[in-house]
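Right, one structure below, let's go through it.
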């Protein structure tokens, strides 16, 4: 594995988006992962529609009652990948623009531009997460966002952050070998996370969180996806 | 202990004179409203948001002490309570167990 890796430098990541006041982070995490996989499969970077997922994806987790994708009221990336398998794929952002509000489904299957051939969950092992990131493209991950409301820049490495309270869906796009942490007198390796709160949050819309001990549960729910087709 | 890395464990005082920090709260709030184009429809709403903002200044300072390798401070969410922030900007359904029907990714080589 390389010590530093960043899919942004390789052209696999679309510009930072803004979900607005809508709990649709799960949709942005899902499209981000598929945008990367589609880029790896076709060499073309295409911005995909989150609104299609918000309006049309109501897939439920068969194991847990109430865990259904429900637009601005929340969802799960794995459910969304399942929806994309069932529906045939997703259209471009420009063909189904984001509104930040729940609406009726206006999915036009003839405009599908990217589809899922397979998705998998990655084990809770940072080396495996890094390997899957490098091999398969950006990864959809869940995270505890407790420290993100006040985050501005740098590598977030809080002393305490519950690993089991995952409440936000984001996209892992790379990692770095270390940013110097003066108070801890050592280099801290970190993950590079694409968020969906616009470019005026964090480091131009990105978040850095330290690697090594599943901080804020960032290693707990990781999904990788493979793209199938393109038009 | 689940969330504590003993290698990194350090004890620091995390509470100090809140009054110092809030001294410029009004100035910070004015800058915040300007930077993020915030406006409030009534004086009551404005005053309430200012109260929330002051609480979040204290929260940011606490976060800074407990997360010293990052920079914490005023963000576009500084006029929101924690529950408003969760309700409006998060949205991952509570779930930690991996779904049984999902395939597990094959183990990849990580050397060389």
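Suppose we filter the stretch A:143-164 for residues that are surrounded by fewer than 18 Cβ atoms within 10 Å (Cβ to Cβ) and within 14 Å of residue A:217 (Cβ to Cβ); how many remain?
Number of matching residues: 3.
If you take the residues in the stretch B:29-39 that are touching a helix residue (DSSP H, G or I) at 6+ places or on another chain (Cβ under 8 Å) and under 19 Å from residue B:82 (Cβ atoms), which one is surrounded by the fewest Cβ atoms within 10 Å (Cβ to Cβ)?
B:38
Does residue A:151 satisfy being facing chain B (nearest Cβ under 10 Å) and modelled with pLDDT under 95?
No.
Of all residues in the stretch B:87-112, count the ones that are assigned to a loop (DSSP other than H, G, I, E, B) and at pLDDT below 80.
Within the stretch B:87-112, the first condition is being assigned to a loop (DSSP other than H, G, I, E, B), and the residues that meet it are B:90-91, B:93-102, B:105-112.
Still in the running and at pLDDT below 80: B:94-102, B:111-112.
So the answer is 11.
Tell me which strands (runs of 3 or more DSSP E) are completely within the stretch A:161-231 and hold 1 or more residues being farther than 24 Å from residue A:46 by Cβ, at pLDDT 95 or above and at the interface with chain B (Cβ under 7 Å from one of its Cβ atoms), or say none if there are none.
A:168-181
Only one of B:78, B:83 is more than 7 Å from every other protein chain (Cβ to nearest Cβ), within 29 Å of residue A:65 (Cβ to Cβ) and either modelled with pLDDT of 85 or more or in contact with a helix residue (DSSP H, G or I) (Cβ under 9 Å, 6 or more places away or on another chain) (or both). Can you tell me which?
Criteria check complete, one pass: B:83.
Test residue A:76 against the criterion of being under 28 Å from residue A:39 (Cβ atoms), within 8 Å of chain B (Cβ to nearest Cβ) and in contact with a helix residue (DSSP H, G or I) (Cβ under 9 Å, 6 or more places away or on another chain), and give yes or no.
yes
For every residue, the table says whether it meets (1) under 15 Å from the mean Cα position of the chain (by Cα); (2) at the interface with chain B (Cβ under 10 Å from one of its Cβ atoms).
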| residue | (1), (2) |
| --- | --- |
| A:27 | yes, yes |
| A:37 | yes, no |
| A:49 | yes, no |
| A:53 | yes, no |
| A:62 | no, yes |
| A:94 | no, no |
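The values are calculated or read from the model by the stated rules, or taken from the named source; none is laboratory data. Not measured: the values here are computed from a predicted model. Neighbour counts are summed over all protein chains in view; Cβ atoms, including those assigned to glycine, are modelled from backbone coordinates with ideal geometry.
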